[in-house]
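Below is one structure, written out as structure tokens; the observations come after it.
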2 protein chains.
Amino acid sequence: MYNADEAAGAPTAIICEKIWLAIAERRLRPGTRLKEEQLAEIFSVSRARIRQALTALERDGLVTIMPNRGAFVSEPSVDEARDVFVARRAIEQRVVERLCERANPKDIVRLRGHIEEERIAGHSGNLSDIVRLSGGFHLLLAELSGSAFLFGILRDLVSRTSLITAMYRSNHLHNCGPDEHLAVVEHIASRDVASAIKEMAEHLNHVEAELDLDEEKDQPRDLRTALL
Amino acid sequence: MYNADEAAGAPTAIICEKIWLAIAERRLRPGTRLKEEQLAEIFSVSRARIRQALTALERDGLVTIMPNRGAFVSEPSVDEARDVFVARRAIEQRVVERLCERANPKDIVRLRGHIEEERIAGHSGNLSDIVRLSGGFHLLLAELSGSAFLFGILRDLVSRTSLITAMYRSNHLHNCGPDEHLAVVEHIASRDVASAIKEMAEHLNHVEAELDLDEEKDQPRDLRTALL
DNA sequence: GACTACAAAATTGTAGACAATATTGTGTAC
DNA sequence: GTACACAATATTGTCTACAATTTTGTAGTC
């Protein structure tokens, strides 16, 4: 999705992409078992290729592989969910900093265009587009910051955020609305570093606050803790 | 090494470990080709296992796999090297923040003990120990911060730093001396968040400054740029 | 009747064989 | 003598069959 170009030539990436999207769109729930042979049949590929995809997804934190047990859609703990946001605030602060220094008018145009797409998708209600674009905004910021490395880290963090959102989002979601995105961009456009950083931090706080992270302090991951 | 316990039962991790150490100790230079069959013979394992190890090392940024071409020890660019330090400053700031809040006396003792080990290794001149311990300090901070996730990110960043250090370190290294580590710990011990953050930032700046990152703006990665 | 030990089924892990691709060397034509 | 095309070699990529492990079902015994 955010690497659709690479995916075109790489069959493994296509598998990852589809599984990722299924997770992000909640069609695959956290905890779901992912049998290799079953996936191999579904995608009409060899089991070896499925294994590649699963290990790739594991490194992105989307699936958890238990040795000799199989692969499952990850169930990030509340603590991990919070940690992801800690990391995102840390990384995206630097992204915004860099962007305030380096952003040229063309970048701003592109960012505004992206936000417009988000708005359209929001109205149309296409969940697939909404999920992709809302994370895509943050990735676009990282890309325009000119740091391929920060982009890579954020790509990972955004993926995990998708899973976390799918797992913990409350019913009353307005899910990463484009308004706050626009505010960040406008601060960047006017080279107001402090405001841009603050806006981004608040935005991430809002996204985190909308999740049901406070209520059940630690969800029943174990059967033992779930039943006893 | 930093996951020696996991490595014990996982043959793949052992391979990764050894290759990692060889890179960090400069026995394997950046750009070195890593032939699968050759590695398979050296470690007396199947080629499939070597492939697993290589893909794992690729995700850590230590080796670069070019499709149908093979695996090479990565040659991080100057820009990427700088980015790694940007990311480390961002992440480790948060680590230190958390640690100032949560650190208990036992943690401080453990940190001081680690620094003592670093000092001893520094005197003995055991390169393997020095490399392991100097990165290990930062990982220990992350571990004690109580965030498994931040630990994971930093593990990745520290690995990359090792490669970068091996590639770009100037001749006059004092390489991440224990003195600055101790300063950070003492600030944490006295719950002085601002000073701890500042000390850590300066420490990372020093480590970065000791590298030959300014001189050759972009090293000859391509043959074209190298020879023409 | 319940618990333990054993056996069978299913699923993952591993390895070896085969196919595809890139590189290098050689030969021929101009 | 040089350049291009073709073939040979070496190396990676992929698939299929086999081994190991776990889980589930069953029978026997206390």
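The values are calculated or read from the model by the stated rules, or taken from the named source; none is laboratory data. All values reported here derive from a predicted model rather than from experimental measurement. Because the Cβ atoms are built from the backbone with ideal geometry, glycine has one as well, and the counts that use them run over all protein chains shown. The accessibility values were calculated without ligands, DNA or RNA, using every heavy atom of the protein model including side chains. Shrake-Rupley method; radii C 1.70, N 1.55, O 1.52, S 1.80 Å.
Annotations
- For region B:170-178, the condition holds for at least one residue, the condition being that it is among the aliphatic types (A, V, I, L, M) and at pLDDT below 95.
Matching residues to (1) open to solvent by 30 Å² or more (accessible area, probe 1.4 Å); (2) within 12 Å of DNA strand D (Cβ to nearest atom):
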{"site": "B:C16", "(1), (2)": "no, no"}
{"site": "B:L21", "(1), (2)": "yes, no"}
{"site": "B:R26", "(1), (2)": "yes, no"}
{"site": "B:L34", "(1), (2)": "no, yes"}
{"site": "B:L39", "(1), (2)": "no, yes"}
{"site": "B:I42", "(1), (2)": "yes, no"}
{"site": "B:S46", "(1), (2)": "yes, yes"}
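- Any chance B:A48 is within 11 Å of chain A (Cβ to nearest Cβ), under 30 Å from A:V86 (Cβ atoms), modelled with pLDDT of 90 or more and within 16 Å of DNA strand C (Cβ to nearest atom): no
- Flag if B:L133 is at pLDDT below 95 and open to solvent by 20 Å² or more (accessible area, probe 1.4 Å): no
- Region B:68-83, residues that are of a type in the set (K, R) and more than 10 Å from chain A (Cβ to nearest Cβ): B:R69
- Condition met for B:A56 (within 16 Å of DNA strand D (Cβ to nearest atom), surrounded by 15 or more Cβ atoms within 10 Å (Cβ to Cβ), at pLDDT 90 or above and of a type in the set (A, V, I, L, M, F, W, C)): yes
- Scanning region B:143-155 for residues that are closer than 20 Å to B:E208 by Cα and crowded, with 19+ Cβ neighbours inside 10 Å, we see that the one that is nearest to the other protein chains (Cβ to nearest Cβ) is B:I153.
- Among the candidates B:I23, B:I42, B:I19, the residue that is at negative phi, within 16 Å of DNA strand C (Cβ to nearest atom) and not assigned by TED's automatic domain parsing to the domain that holds B:R155 is uniquely B:I42.
- Subset tally (residues that are of a type in the set (S, T, Y) and either modelled with pLDDT of 95 or more or open to solvent by less than 50 Å² (accessible area, probe 1.4 Å) (or both)) for region A:191-228: 1
- Test for B:I197: is it in contact with a His (Cβ under 9 Å, 6 or more places away or on another chain), over 22 Å from B:A24 (Cβ atoms) and in a helix (DSSP H, G or I): yes
- Count of region B:38-78 residues which are in contact (Cβ under 8 Å) with a residue 12 or more places away in the chain and not basic (K, R): 23
- In region B:60-78 there is at least one residue that is buried (at least 19 other Cβ atoms within 10 Å of the Cβ), within 20 Å of the chain's Cα centre (by Cα), more than 16 Å from DNA strand C (Cβ to nearest atom) and assigned to a helix (DSSP H, G or I).
- Qualifying residue in region B:159-176 (condition: away from every other protein chain (no Cβ under 14 Å), in a helix (DSSP H, G or I) and in contact with a Leu (Cβ under 6 Å, 6 or more places away or on another chain)): yes
- Odd one out for A:I65 among (1) touching a strand residue (DSSP E or B) at 6+ places or on another chain (Cβ under 7 Å); (2) away from chain B (no Cβ under 14 Å): (2)
- Region B:84-123, subset open to solvent by 10 Å² or more (accessible area, probe 1.4 Å) and within 15 Å of B:T161 (Cβ to Cβ), residue farthest from the other protein chains (Cβ to nearest Cβ): B:R88
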